[in-house]
Amino acid sequence: MRIDFETDPSRYRHWRIEIDGRVASLVLDVDEGAGLFDGYALKLNTYDLGVDIELRDAIQRLRFEHPEVGAAVLRSGKDRVFCAGANIRMLAGASHGHKVNFCKFTNETRNDMEDASARSGQRYIAAVNGACAGGGYELALAADRILLVDDGSSAVSLPEVALLGVLPGTGGITRVTDKRKVRRDRADILCSTEEGARGRRALEWGLVDEIVPPSRFEDAVARRAAEFAAASDRPSGAAGIALGPLERRFEAGAVRYSSLAVEIDRAARLATLTVFGPEAPPPAGTGAPVGGEGDRFWPLRLGRELDDAILHLRFNEPEVGTLAFRSEGDPAAAMAYDRFLEANLDNWAVRETVLLWTRAMKRIDLTSRSLAALVEPGGCFAGFLAEIAFAADRSFMAEGAFEGGNRPDAALVLSAANFGRHPMSNGLSRLATRFLGDPARVEALAARTGEALDAAEAEALGLVTAAWDDIDWADELRLFLEERASFSPDALTGMEANTRFAGPETMETRIFGRLSAWQNWIFQRPNATGAAGALARYGGGRRAEFDRERI
């Protein structure tokens, strides 16, 4: 079954978007019979990948379609339960790869909420009524403020260690210790008990921000949401951008979008992604918004398509181990759009487009595939498109033109976009991460913005891994791709996760690093997933049998 990451509110089964002036409510009301796969019921507002696909879409639509919204409230549509977390039966029956990819996607979706709060002026409140357990509490932890109804039974908890033999998979422990700065002994108690914390203890330990009696709960939520909305810089009278369906077509060995083509060679375990540059100049202004182009605005359209393609490859092509990125187009045309974005960063729609591109690039960084960039004649790795080349594990650039071709020589063009506009999860630009030991190199490169750098210059400046002429191009590239396909995918995933994120640790890098290392390992241990493990025996009345050896 092909998992599709495109949806819209008319197709939601689990979420509702309710708009009231400057405040939106995202209401979780899971249809327990509408799981993405067969074999489990989504009881107690538990979720699977399908629930989170809708949440990602809802967050994106609030940012683009509702510029007037300055605050969003996460709430439950069911009585006495906020969210009981990821569905255990789903996890028990899922393949190892699906479990880890599911956890990565849910992490990225929670990060989208935090990004909206930090950079888009849409702050989140979690209005917690009833049980808020595991992934449900992780969802609440992504909000700026958590309000808990103080009714004697509502509680927050992270019971995965005690109940399931695994860890919270969506950054729960990291957000408790790093974001909310809970004392380590209290975090230890929270993460090793089933019941969690309610009322006064939850507040004193810093697990929630307010506890409110049931009779005053809705008034308190409304008051906090109004405060957040009043402080937002989002425009109250602007028209939004309706996010229409993606223009795409699935074929046997390809996915074709309006600005992107994905060619899949399953025998070689290779996907080639070709980015197409703009065919027309940027709009004359930002009104209506972005010159009346709406979701057809080329950087926005390409960002959405690239994000969808990466998710498709992650979940639906698990044996494709290498992604090779190409581009076709005029670098000058791409740079015209780059300058348009830079000049209009104070416009809300342009800001959202830039932030979307930042999130799409982070999605590439965090994808467990080998990444190669091919800077070829006729390509347009310029400005923000050059970020793709700098995200690659290795980048190769052609010297001059190819024999028999009439395309312009390969070129790389730097812009302000490459010096901090699109930071990685470590908070640095990709160039700053690339030259971590040589910050003066980054300063020198900033003086070269706008220049069309040829292969010799790009290689001398350290911007590409190697430069090859027409005679060697095909053979050298073939050797690299064959070598990559011969290595252990597990070893490559570990290696790439280490080499891509040099520099300072942030909450984001810790969340994904711990997911890649520890949860990846724990999900394969028989204590969790064996026939007598905690996931398999959960809810069946029999205790799990654990191998007591500490590894």
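The values are calculated or read from the model by the stated rules, or taken from the named source; none is laboratory data. From a predicted model like this one, the values you see are computed outputs, not experimental measurements. Virtual Cβ from ideal backbone geometry, glycine too; neighbours counted across all protein chains shown. When the accessible area is computed, the model is the full protein with side chains, heavy atoms only, and any ligands, DNA or RNA have been set aside. Shrake-Rupley method; radii C 1.70, N 1.55, O 1.52, S 1.80 Å.
The set of residues from segment 57-80 being part of a strand (DSSP E or B) and in contact with a Ser or Thr (Cβ under 9 Å, 6 or more places away or on another chain) comprises ALA71, ALA72, VAL73, LEU74, ARG75.
Determine whether GLU54 is assigned to a loop (DSSP other than H, G, I, E, B), within 30 Å of GLY253 (Cα to Cα) and touching a strand residue (DSSP E or B) at 6+ places or on another chain (Cβ under 9 Å). Spelling it out, it is not the case that GLU54 is assigned to a loop (DSSP other than H, G, I, E, B), within 30 Å of GLY253 (Cα to Cα) and touching a strand residue (DSSP E or B) at 6+ places or on another chain (Cβ under 9 Å). Against the list (1) out of contact with any strand residue (DSSP E or B) (no Cβ under 9 Å at 6 or more places or on another chain); (2) open to solvent by less than 70 Å² (accessible area, probe 1.4 Å); (3) among the aliphatic types (A, V, I, L, M), the condition ALA261 fails is (1). If you check GLU476, GLU459 for being under 29 Å from ALA336 (Cβ atoms) and at pLDDT 95 or above, only one passes: GLU459. Within segment 502-518, restricting attention to residues that are open to solvent by 60 Å² or more (accessible area, probe 1.4 Å) and at pLDDT 90 or above, the residue that is nearest to LEU366 (Cα to Cα) is GLU505. If you scan segment 223-275, which residues turn out to be over 22 Å from GLU293 (Cβ atoms) and among the polar types (S, T, N, Q)? Residues satisfying the conditions are SER232, SER236, THR272, THR274. Residues in segment 495-551 that are closer than 28 Å to ALA142 by Cβ and among the acidic types (Asp, Glu): GLU496, GLU505, GLU508.
Which ones in segment 524-551 are crowded, with 17+ Cβ neighbours inside 10 Å and assigned to a helix (DSSP H, G or I)? Result: ASN527, ALA528, THR529, ALA534, LEU535, ALA536, ARG537.
Here ALA230, ALA162 are screened, and the one residue that is under 30 Å from ALA532 (Cβ atoms), assigned to a helix (DSSP H, G or I) and under 29 Å from the mean Cα position of the chain (by Cα) is ALA162. Screening VAL262 on (1) outside any strand (DSSP E or B); (2) within 30 Å of HIS312 (Cβ to Cβ); (3) of a type in the set (A, V, I, L, M) shows it passes everything except condition (1). Residues of segment 439-470 that are assigned to a helix (DSSP H, G or I), of a type in the set (Gly, Ala, Ser), touching a residue at least 24 places away in the same chain (Cβ under 8 Å) and open to solvent by 30 Å² or more (accessible area, probe 1.4 Å): ALA446, ALA456. Taking the numbered list (1) open to solvent by less than 30 Å² (accessible area, probe 1.4 Å); (2) closer than 21 Å to PRO318 by Cα in turn, TRP521 passes all entries but (1).
Consider only pairs whose beta carbons are under 7 Å apart and that are at least six residues apart or on different chains; among these, list those whose first residue lies in segment 366-379 and is under 26 Å from PRO318 (Cα atoms) and open to solvent by 10 Å² or more (accessible area, probe 1.4 Å) and whose second residue is part of a strand (DSSP E or B) and of a type in the set (Ser, Thr, Tyr). Hits for this filter: ARG369/THR322. Restricted to segment 118-132, and to residues there that are out of contact with any helix residue (DSSP H, G or I) (no Cβ under 7 Å at 6 or more places or on another chain) and open to solvent by less than 20 Å² (accessible area, probe 1.4 Å), the residue that is nearest to PRO235 (Cα to Cα) is GLY121. Tell me, please, whether a residue that is crowded, with 21+ Cβ neighbours inside 10 Å and outside any helix (DSSP H, G or I) can be found in segment 297-312. Within segment 297-312, one or more residues are crowded, with 21+ Cβ neighbours inside 10 Å and outside any helix (DSSP H, G or I).
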